[in-house]
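First the structure, in the form of structure tokens, and then the observations on it.
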Amino acid sequence: MMLCGLLIATTVGRPLVAQQRSALDVGVSVVHFPDDSTTIAGPSVEWTSAAERDHVFGLVNAGGVGSIGGASGSVTASGGGRASLTSHLLAEGGGELFGVASSSASNAAAAIISARLLAPFRRGGLWTRGTVSDSWREIGALPGHSVEGGAWWTLPRARLSASVLDQHAYAQLFIGPRRGRLLDKVRVHYTEGALGAHIEGDAVSLDLLGGVRRDPDAEHLYEPIVVATAAFWTGEARAWTVSLAKLPNDFVRGSDAASWVSVGMRFFEPNPARSRAERARPILLVSGRGEQRVVQVRASGAHTVEIMADFTDWAPVTLTPGAAGFEREFSLTAGTHRVVVRIDGASWRPATNTPAVDDDLGGRAGLLVVP
């Protein structure tokens, strides 16, 4: 769970297909801030809502933790757009607004503008990004800029990523017990390298991020970066979660170094099996001659495939698994037919290779042309 303003809002390997998702995390957290030598424990909550349609994407996140006599929380809004430069190169522009507030420390805010190039290939890709930022804290504006690069690789039930970062920013210099006196601002220049993995079954997922920061001006030359979250679904959209993390200072967003452990429940996020079904890209084919035709759907990794069409009187029909996909014979006349497909009980939708039109119920149907 992203607590006390420690929020990773931009991830490498962001999916490049349309999607919409929301999740609510509610639990109990123990958070330790080494710079202040303080530890708090109490209930925590986080809401995340993300959407992507065509070439536009956005994310809103709000979360926090409370304890007796105090509370802390953060809000982030980010978004952007993407365009194809060539068949193998995409350009992306984005922005992020971030704010953190606490009953026991000064507030902070930040604005980040970024530009990214992506070169996707069949199962992964490469990317590079540049950012400029400005954060506002007690001393005033603290500008920064960075250059990043990375790669991602997608497997049927796993996603792997790697990234490197070169960050220039400013930090506030404090002295005294619990950093009681603000002296000045100082330049900060550090580099980071990180490896990430998302591994999932049908009702369990594990997210891992491990890395290291090298900062010659810090108390420790090398600082670890560790985030791990395990989720165990007990229903289609309900899961138990366990998280632990150790993160250094985020000088761009104004978040302090912290370590935490959280246990709670996550709501509204579909289990991995349902999510894979939603991400599937079914291909609809028809073969044969005369009135009896074989309709085939190819959907990698699917367990069950159903179709619903005007030639089924809009009744769901389950296809039979075959060597090359899922298929069934139907009585089909030549012409154009409206068809929708459902993978593993997910939502009904047009096949990837059929033109889509609006239906009479506010949804979308695919057009299957039978010669």
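Paramagnetic label reach from Ala257 (point 7 Å along Cα→Cβ; backbone nitrogen cut-off under 20 Å): within region 193-213, residues 193-195, 209-213.
If packing is taken as the average count of other Cβ atoms within 10 Å, what order do 119-126, 242-249 fall into, highest mean first?
Going by the mean number of other Cβ atoms within 10 Å, highest first, we get 242-249, 119-126.
Rounded to 0.05, the FRET efficiency of the Ala101 and Ala151 pair, given R0 = 30 Å and the Cβ-Cβ distance, is 0.25. In a reduced charge model with +1 at each Lys and Arg Cβ and -1 at each Asp and Glu Cβ, the chain shows a dipole moment near 520 debye about its Cα centre. Carbon and sulfur together cover what percent of the accessible area of region 239-371 at a 1.4 Å probe radius? C and S fraction of accessible area: 54 percent. The modelled label-to-label distance between Gln292 and Ser37, using points 7 Å beyond Cα along the C-beta direction, is 8.5 nm.
Return the label of the correct value of Cα extents along the principal axes in Å, as calculated from the structure shown, out of (1) 62, 47, 38; (2) 72, 66, 36; (3) 87, 45, 35. Step by step, Cα extents along the principal axes in Å for this structure corresponds to label (3). In this calculation the C-beta distance from Arg181 to Asp359 is compared with R0 = 45 Å, giving a FRET efficiency of 0.10.
By the helix-only formula, in which each DSSP H run with n ≥ 4 contributes -39500 (n - 2.57) and the sum is divided by residues, the chain has a 222 nm mean residue ellipticity of -500 deg cm²/dmol.
Here the Karplus relation 6.51 cos²θ - 1.76 cosθ + 1.60, evaluated at θ = phi - 60°, turns the backbone of region 231-245 into coupling constants of 10, 10, 7, 10, x, 5, 9, 8, 8, 7, 10, 10, 10, 9, 7 Hz, with x for every Gly and Pro. Of the residues Tyr170, Tyr190, ranked by 1.4 Å probe accessible area with the largest first, the sequence reads Tyr170, Tyr190. Using the Cα centre of region 189-336 as origin and beta-carbon charges of +1 (Lys, Arg) and -1 (Asp, Glu), tell me which of Gly288, Ser255, Ser205 is placed farthest towards the positive end of the dipole. It is Gly288. About its Cα centre, region 265-371 has a charge dipole of approximately 440 debye under the convention of +1 per Lys or Arg Cβ and -1 per Asp or Glu Cβ, with nothing else charged. Once both labels are modelled 7 Å past Cα along the beta-carbon direction, what's the Ser275-Thr336 spacing in nm? Result for the modelled spin labels: 3.7 nm. Between Tyr190 and Gln167, the built amide H atoms are under 5 Å apart, and every one of these is 5 or more places off in sequence or on another chain.
For Thr128 and Val56, the FRET efficiency from 1/(1 + (r/R0)^6), where r spans their Cβ atoms and R0 equals 22 Å, is about 0.55. Each residue of region 359-368 was assigned a 3J(HN,Hα) from its phi angle through the Karplus curve 6.51 cos²θ - 1.76 cosθ + 1.60 (θ = phi - 60°); the sequence is 9, 7, 10, x, x, 10, 10, x, 9, 9 Hz, with glycine and proline shown as x.
In square angstrom, what is the accessible area per residue of region 92-135 with a 1.4 angstrom probe?
Per residue, region 92-135 has 47 Å² of solvent-accessible surface.
The values are calculated or read from the model by the stated rules, or taken from the named source; none is laboratory data. Remember, predicted model here, so these are calculated numbers, not experimental data. Here the Cβ is made from the backbone with ideal geometry for all residues, glycine too, and neighbour counts use every protein chain on show. All accessible areas refer to the heavy atoms of the entire protein, side chains included, with ligands and DNA or RNA removed. Shrake-Rupley method; radii C 1.70, N 1.55, O 1.52, S 1.80 Å.
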